[in-house]
Structure formats: C-alpha cells, structure tokens
1. When the helices in the chain are scored as -39500 (n - 2.57) per DSSP H run of 4 or longer and the sum is shared across all residues, what 222 nm value do you end up with, to the nearest 500 deg cm²/dmol?
2. Relative contact order for the chain: what percent, with Cα pairs under 8 Å and sequence separation of 6 or more?
3. Compute the angle between helix 44-55 and the longest alpha-carbon principal axis of the chain, please, reported from 0 to 90 degrees and rounded to the nearest 10.
4. Taking segment 238-293 as the region of interest, what is the percent of Cα-Cα pairs per 10 angstrom bin, listed from the shortest bin to the one with the maximum distance?
5. Could you give the Stokes-Einstein D for segment 1-154 in µm² per second, using the C-alpha Kirkwood radius, 25 °C, 0.890 mPa s?
6. Any idea how far apart residue 51 and residue 22 come out in nm if each label point goes 7 Å out from Cα toward Cβ?
7. When the chain is modelled as a GNM with alpha-carbon springs shorter than 10 Å, which of 26, 71, 134 fluctuates the most?
8. Which whole-number value in Å³ per residue fits the convex hull of the alpha carbons of segment 2-70?
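Readers should treat all values here as calculations from the given coordinates under stated rules, not as data from a laboratory. As the structure is a prediction and not an experimental result, all values here were calculated from the model. Ideal geometry is used to build each Cβ from the backbone, glycine not excepted, and the neighbour counts take in all protein chains shown.
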Ligand code: MG
C-alpha cells in the first residue's frame with residue numbers, strides 16, 4: 001500500500017494511492033478512523049481488504065493526487081532518529097573514516113513538511129543544504145531486536161530530505177540545532193509498505209536534483225549501516241514504536257562539500273527520488289515569504 005496524508009477542509013486526512021496518481025481517501029468510508037500507524041501495524045491481508053472495499057463499486061470516491069496538498073505521510077512521529085555519515089562516499093567527503101558506530105541525532109516533528117510544501121530558508125543563515133535519505137517507518141513495537149529479525153518490525157519506507165542549516169549545525173559538536181529549523185525536513189510523498197519493497201529497501205537508486213541538475217546519486221546498497229543494523233543498534237537502547245521514523249543518512253554530493261559550496265535559494269526546486277518509492281519535490285522559500293504553508297500541528 002502507498003499511504004498518504006493530505007490536507008482537506010482544515011483536516012489531515014489519510015488515504016492510499018493507486019497507479020501513482022489516484023488517491024482514495026479513507027474519510028467517508030468505514031475505515032475513516034484508521035491512522036497511518038494503524039495501517040502500518042496491520043497485516044498485508046488486512047490492508048488489501050481495505051483497498052478492495054474502498055475501491056469497489058460505483059460509489060468509490062477518488063481524487064487526482066496532483067490536486068491535493070500533501071502533508072508529511074506521518075504528521076507527528078513519536079521520534080525521528082537520524083543517522084549521520086551513513087554512506088561510504090559521504091563520510092569520505094566530510095573528512096571522516098568509516099565510523100564504528102552511527103552518529104545518531106534527533107529531529108523534531110515540528111521541522112517536517114510534506115511534498116510540495118516550501119522548504120524555508122531562514123533569515124539568519126545563507127547555508128541551507130539538501131540531504132537525500134531513505135526514511136524507515138516502524139510498524140511494530142521493537143526492543144532488543146537481533147539484526148536477523150529487525151526488518152520484521154518495519155512498516156514502510158519513504159523519501160526524506162534532511163534539510164540542514166550548515167553554519168548552525170557546526171557551531172558545536174552537537175548537530176541538533178542545525179537540523180531542526182522550522183520547515184526544513186521534507187518527508188514523503190508516500191509511505192510504501194515494507195511488503196512492496198526489497199528487504200531493508202536495499203539496492204535502490206537514490207538521488208537529489210536541484211533545479212533539475214543531479215547533485216547526489218548513489219544506491220541504498222552503499223549505506224555503511226543497513227536498516228536492519230540500525231534497528232538492532234537503536235533497539236538495544238530504546239523501545240521503537242509504530243510510527244517512529246529512522247532517516248538513514250545521505251550519500252555524497254551535499255552542497256556544503258562542493259567547491260564552491262552550493263546553497264539552496266529562494267525560487268529553487270529540490271527533488272529527492274528513491275527508486276520504487278517516489279519523488280519528493282519541494283520549492284525553496286525565504287523566511288517571511290512562505291506561501292501555501294499549512295500551519296500548525298495535525299493529528300494524523
Ligand atoms: Mg542527514
């Protein structure tokens with residue numbers, strides 16, 4: 001199932017997408033109370049029963065996907081855990097050896113936006129950078145998972161742009177502040193459930209285009225720590241809950257590592273693509289010039 005959250009009449013609504021362009025809302029169906037997390041926790045058979053019921057007959061309601069305002073596919077993840085320097089080439093371009101342990105850091109849900117929503121370049125910095133990443137969304141509660149069984153707890157996968165304000169990221173050894181500016185973490189457009197993806201979403205092309213020009217291009221097979229290893233390492237330390245998000249780090253080619261550096265500017269368009277998941281496209285907008293931004297928290 002390809003799950004989306006979208007904005008409709010001041011609400012965050014949940015639906016699923018067929019054929020990459022037709023959205024079937026759960027609103028107005030017997031499944032209207034189901035959250036994205038409920039769908040991720042469900043069996044493959046249970047989700048298929050929902051698809052069959054919602055799309056059956058002449059009463060089925062659908063919307064063109066390109067006519068709705070998408071929100072982050074999960075609006076309020078319990079936690080968003082990010083891995084830094086998790087592709088071999090990116091660690092090298094950043095002047096680091098292969099790490100023995102991932103650089104974990106946290107993002108807050110308040111920094112997230114959906115596909116199509118503007119990434120905001122803050123007034124206090126010029127150094128807005130992109131980072132294409134695979135997002136893992138947990139589907140089952142998990143603690144002390146062995147690497148061999150860790151993937152059984154995954155609910156699905158999505159695209160993530162770990163937008164970073166580099167000068168703030170490097171003010172101290174703790175990256176948190178530069179990774180949590182408002183409206184800098186793009187997430188979506190869909191969550192593809194794990195049953196429709198290869199194990200650990202490995203072997204997928206991942207790229208970033210800025211104004212159509214490819215600036216990052218790699219394969220998820222080149223991650224230093226795999227999805228299974230990351231889940232095993234994290235779950236030694238903390239319980240992972242359904243709906244928690246793990247952003248798996250970015251390949252080489254970030255703007256800050258280029259000479260001269262490339263920073264994203266007002267009017268630019270950035271696009272993260274992952275094979276089999278989709279295209280996460282966002283315009284860049286200067287703080288104070290945001291348009292079409294959906295304000296406030298949503299409950300999906
Ligand atoms: Mg990152």
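1. Computed mean residue ellipticity for the chain: -3500 deg cm²/dmol.
2. Over the chain, the number comes to 25 percent.
3. Here the helix axis deviates by roughly 60 degrees.
4. Reading upward from the zero bin: 16, 35, 35, 14, 1.
5. 134
6. So the two model labels end up 1.3 nm from each other.
7. 26
8. Cα-based convex hull of segment 2-70, divided per residue, equals 89 Å³.
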